[in-house]
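The structure under discussion appears below in the form of structure tokens.
The values are calculated or read from the model by the stated rules, or taken from the named source; none is laboratory data. All values derive from a computational prediction rather than experimental measurement. Every residue, glycine among them, receives a Cβ derived from its backbone with ideal geometry; neighbour counts consider all protein chains shown.
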């Protein structure tokens, strides 16, 4: 059950990151009034959706941490890198170089090792 909750956290966080990225497209926080630009960015719908998804993920994450050791479940959050890579390719049409795909594959291998080499729970 905890692995399913971790995956839900990963999916929510990944879609949150995609929403934030889409919401910040065209926003330049480096020029002019940074505070005004930041406030304006926070009012963008995709940015609000992104933060909402992150908040939901964080609430579920607290549930996961109440059930599992952080040293076991936190490395599984690395799947967020995998999901964000795939989602940005599919939804935002980003070009992903072969070397980055290789890195994503290595993350999957590492997460698989952590997930299946759990060991005894104290």
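I'm told residue 96 meets every condition in (1) in a helix (DSSP H, G or I); (2) under 26 Å from residue 115 (Cβ atoms) except one. Can you identify the failing condition by its number?
All conditions pass for residue 96, except number (1).
Among the residues of segment 30-57, which ones are in contact (Cβ under 8 Å) with a residue 40 or more places away in the chain and closer than 27 Å to residue 100 by Cα?
Once the filter is applied, which keeps residues that are in contact (Cβ under 8 Å) with a residue 40 or more places away in the chain and closer than 27 Å to residue 100 by Cα, segment 30-57 yields 53, 54, 57.
Of the residues that sit in segment 77-108 and are under 16 Å from residue 22 (Cβ atoms) and surrounded by fewer than 17 Cβ atoms within 10 Å (Cβ to Cβ), which one is nearest to the chain's Cα centre (by Cα)?
86
Hey, residue 7 hits all of (1) more than 21 Å from residue 113 (Cβ to Cβ); (2) within 11 Å of the chain's Cα centre (by Cα) but one; which does it fall short on?
Checking residue 7 against (1) more than 21 Å from residue 113 (Cβ to Cβ); (2) within 11 Å of the chain's Cα centre (by Cα), the one that fails is (1).
In segment 26-43, which residues are assigned to a loop (DSSP other than H, G, I, E, B) and either at positive phi or out of contact with any helix residue (DSSP H, G or I) (no Cβ under 6 Å at 6 or more places or on another chain) (or both)?
Selection gives 26, 28, 30, 31, 32, 33, 43.
Return the only residue of 41, 36 being over 19 Å from the mean Cα position of the chain (by Cα), more than 20 Å from residue 3 (Cα to Cα) and surrounded by 15 or more Cβ atoms within 10 Å (Cβ to Cβ).
Exactly one residue qualifies, and that residue is 41.
Could you please give the count of residues in segment 44-76 that are outside any helix (DSSP H, G or I), in contact with a helix residue (DSSP H, G or I) (Cβ under 8 Å, 6 or more places away or on another chain) and surrounded by fewer than 14 Cβ atoms within 10 Å (Cβ to Cβ)?
Here the count works out to 0.
Is segment 7-25 home to any residue that is in contact with a helix residue (DSSP H, G or I) (Cβ under 9 Å, 6 or more places away or on another chain), loosely packed, with under 13 Cβ neighbours inside 10 Å and not in a helix (DSSP H, G or I)?
Checked against the condition, which is being in contact with a helix residue (DSSP H, G or I) (Cβ under 9 Å, 6 or more places away or on another chain), loosely packed, with under 13 Cβ neighbours inside 10 Å and not in a helix (DSSP H, G or I), segment 7-25 yields at least one hit.
Between 104, 4, which is touching a helix residue (DSSP H, G or I) at 6+ places or on another chain (Cβ under 9 Å) and either on the phi < 0 side of the Ramachandran plot or not in a helix (DSSP H, G or I) (or both)?
Within the list 104, 4, the selection yields 104.
Among the residues of segment 55-78, count how many are under 22 Å from residue 104 (Cα atoms) and at pLDDT below 95.
Matching residues across segment 55-78 total 8.
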